[in-house]
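Following: one structure in structure tokens, then a few remarks.
FYI, it's all coordinate maths here, none of it is from the lab. Everything numeric in this text was worked out from a predicted model, so none of it was measured. Positions of Cβ are generated from backbone atoms using ideal geometry, with glycine treated the same way; all protein chains shown enter the neighbour counts.
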């Protein structure tokens with residue numbers, strides 16, 4: 001029996017964490033790190049590997065905003081949408097990102113380099129407005145600071 005690369009990845013990750021329901025979240029997190037999102041196939045494989053329902057896996061994956069269930073760009077920009085960031089200029093930040101990358105919230109650039117999302121608190125309320133690009137936080141944002149940050153990523 002030939003095992004696919006995705007099946008092997010799920011088996012390896014389950015071996016690392018354990019095959020109990022309680023390890024579902026770390027398994028899904030590792031799959032996102034590996035693949036940049038959770039495909040329908042990978043969620044089905046996890047369900048089979050842990051002997052739980054696919055609905056349970058999908059329900060967990062769709063509950064957490066950092067467990068993407070659709071492909072995203074190489075750089076995922078997550079702008080905090082809490083009240084503190086909103087009061088400190090979140091909409092200006094989103095406007096600059098839109099003007100620079102020509103995408104709206106929920107979209108990915110045509111070259112698949114950037115995706116733009118909003119998310120609930122990222123833990124930087126004391127330095128709002130804030131955003132994450134992949135796992136890197138950027139705080140005390142201003143329109144000019146965001147322009148500079150984006151230009152640096154565009155050059156990569």
Restricting the count to DSSP beta bridges whose residues both fall in the chain, what percent are antiparallel, rounded to a multiple of 5? 55
Rounded to one decimal in nm, the spacing of the 7 Å Cα→Cβ label points at residue 100 and residue 84 is 2.3
Helix-only mean residue ellipticity at 222 nm for the chain, each DSSP H run of n ≥ 4 adding -39500 (n - 2.57), per residue, nearest 500: -14500 deg cm²/dmol
With a ≥ b ≥ c from the Cα gyration tensor eigenvalues, square-rooted, and the rule rounded for a/c under 1.5, otherwise prolate when a/b > b/c and oblate otherwise, the range 5-63 is rounded
Taking 0.36 nm per residue of separation between residue 91 and residue 62 and subtracting their Cα-Cα distance, the length gained on full extension comes to 7.9 nm
Of the beta bridges DSSP finds with both residues in the range 75-155, what % are antiparallel, to the nearest 5? 55
For the range 27-71 and the range 78-156, what is the centre-to-centre distance using only Cα atoms, to the nearest Å? 25
Cα gyration tensor shape of the range 105-156, rounded if a/c is under 1.5, else prolate or oblate by comparing a/b with b/c: oblate
Going by the alpha-carbon gyration tensor, a ≥ b ≥ c the square roots of its eigenvalues, is the range 55-105 rounded (a/c under 1.5) or, if a/c is not under 1.5, prolate (a/b greater than b/c) versus oblate? oblate
